[in-house]
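Q: Pasting in a structure now, in structure tokens, and then I'll have a few things to ask.
Every read-out reported here was derived from the displayed coordinates using simple, explicitly stated rules and does not represent laboratory data. Note that this is a predicted model, so its numbers are computed, not measured. Heads up, the Cβs are rebuilt from the backbone with ideal geometry, glycines too, and the neighbour counts pull from every protein chain shown.
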Amino acid sequence: MGAAPALPEVLTADQVLRSADYLVRAQEPDGAIPWFPGGHTDVWDHVECAMALTVTGRTVPAHAEAARRAYLWLARSRHADGGWPAKFRQGAPVTDLREANHAAYPAVGLLHHLLVTGDAAFAERTWPVVESGLDFVLGLRGEHGEILWARSEDGSPGDHALLTVCSSVHHALRCGAALGARLGRERPAWTSAADRLETLINDREDLFADRSRFSMDWFYPILGGAVRGVAAKERLQDRWERFVVPGLGVRCVSDQPWVTAAESAELVLALAAMGEREAGTRVLADVQHLRDAEDGAFWTGYQFAEDVRWPVERSTWTSAAVILAVDALSGTTDGSRVFLHTWDGV
């Protein structure tokens, strides 16, 4: 047992646990965690929720069990080629499109689970999920080593790569290699692919489709660990005023009066990786207006020109992102090292 993460100036441990309770209530009998109760599930957001439950599972055993069930669902829901359908509804896939970032992200979640719990037996049990997912991803490499965004329903690869996706895949390849090393399963090809992505993200942003209006393309190269040091500071400073709305949070896109709690929390993860705890705490505090005080769930976003919450939903992955941001800033669990990029030697 251990204490739940907290930032006294933003969220108490009890408030964090209540936000995690919402994820448990949303979880379906087969282990899937949809966007909201009765909604659809995608693997990336499902894994983010599982990580949040792993963090709070040190305090609440039911959360730990929910996280394990979420990871075991991944093995049962895979496509034959190692990827996952991009969308599930009530346990059934609704498309055969398989996205690269979905296939990669279990590697991040399962290293995180091992760091928090120390459960090497569970890591061994779920290793095939990591291996098949990352091998699927490497099958989508483009001419320069970039990762094409998806494999379509007919099996053909996508025709472009996305900076946010490749940044997340870079993170996953590093985590997968680190997990493999702990299990005695070295995967130098994953490290090599991550090295190549790091070079492209830093030096060849022109290779990626232009999504510069999205804040994720701004901070994900830092969150994913590809851009660090002076380059990271310069990147954040260059677009800070374009995306950050003081007192409200982070815009999803630069040209709309719309802030979201998830983008805000993920910027906090990037700031935590840079050691910018004060700035991260301030951004996380700014977005607390989206927390539902009744049960701790977070609304997805706020359209501040119209003064309305939009969309009118409380997405599970939004609450999960906030929990992970609190843990990264507080350093409460060793899982926070996944986002601080300091897992070596743990």
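Q: Gap in Å between the Cα centre of the range 1-69 and the Cα centre of the range 130-186?
A: Going from one Cα centre to the other spans 26 Å.
Q: Another question, then. Suppose every K and R has +1 on its Cβ and every D and E has -1 on its Cβ; what is the size of the dipole of the range 13-340 about the Cα centre, in Debye to the nearest 20?
A: That gives the range 13-340 a dipole magnitude of about 640 debye.
Q: GluC sites (Glu not before Pro), restricted to the range 232-315: which are DSSP loop and have at most 13 other Cβ atoms within 10 Å?
A: Of the GluC sites (Glu not before Pro), the ones in loops of the range 232-315 whose Cβ has at most 13 other Cβ atoms within 10 Å are Glu294, Glu306.
Q: A follow-up question, please. What nm value, rounded to one decimal, do you get for the distance between Asp14 and Ala62 when each label is placed 7 Å out toward the C-beta?
A: So the label points at Asp14 and Ala62 sit 1.7 nm apart.
Q: Quick one: Thr199, Thr126, Thr56, fewest Cβ neighbours within 10 Å first, how do they rank?
A: Sorted ascending by nearby Cβ count, the order is Thr199, Thr126, Thr56.
Q: Relative contact order of the chain: what whole-number percent is it, with Cα pairs under 8 angstrom and at least 6 residues apart?
A: That works out to 19 percent.
Q: Just flag the GluC sites (Glu not before Pro) in the range 175-219 sitting in loop per DSSP whose Cβ has no more than 15 other Cβ atoms within 10 Å.
A: Glu186
Q: Here is a follow-up. Could you give me D for the range 80-126, from Stokes-Einstein at 25 °C and 0.890 mPa s, where the hydrodynamic radius is the Kirkwood radius over C-alpha pairs? Units µm² s⁻¹, please.
A: Using the Kirkwood radius from Cα pairs, D works out to 202 µm²/s.
Q: On alpha-carbon atoms, Rg over Rh for the range 36-147 using Kirkwood Rh?
A: Across the range 36-147, the Cα-based Rg/Rh ratio is 0.98.
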